[in-house]
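For reference, the structure discussed in these notes is given below.
Nothing in this text is a laboratory measurement; each read-out follows from the coordinates by a stated rule. If you're wondering where the values come from, they're calculated on a predicted model, not measured in any experiment. Cβ placement follows ideal geometry from the backbone for every residue including glycine, while neighbour counts extend to all protein chains displayed.
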């Protein structure tokens, strides 16, 4: 896992050191509230990354509608976004091994 997973875990109240998991919580066990918070933070991180791709495509839409139409720059942007969406970018972002 990469540093971002550790940061999100800490925000949720979980500390991970090596193979050990500790709670910043009165209980010593992972409860559903903490796990739900951790999951929510991961999903929000993914949404933030995907939002960047949305803005790339939005630029293509604006250029196509308001400027000279669909040009090579637009095509390059669409290809770049398609490559990102079809890749393991989210997996790589979180440092997950398959």
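Full extension of the chain between residue 6 and residue 57 yields a length gain of 15.3 nm, computed as 0.36 nm times the residue separation minus the alpha carbon distance. On the beta carbon distance between residue 48 and residue 71, with R0 = 35 Å, the FRET formula returns roughly 0.75.
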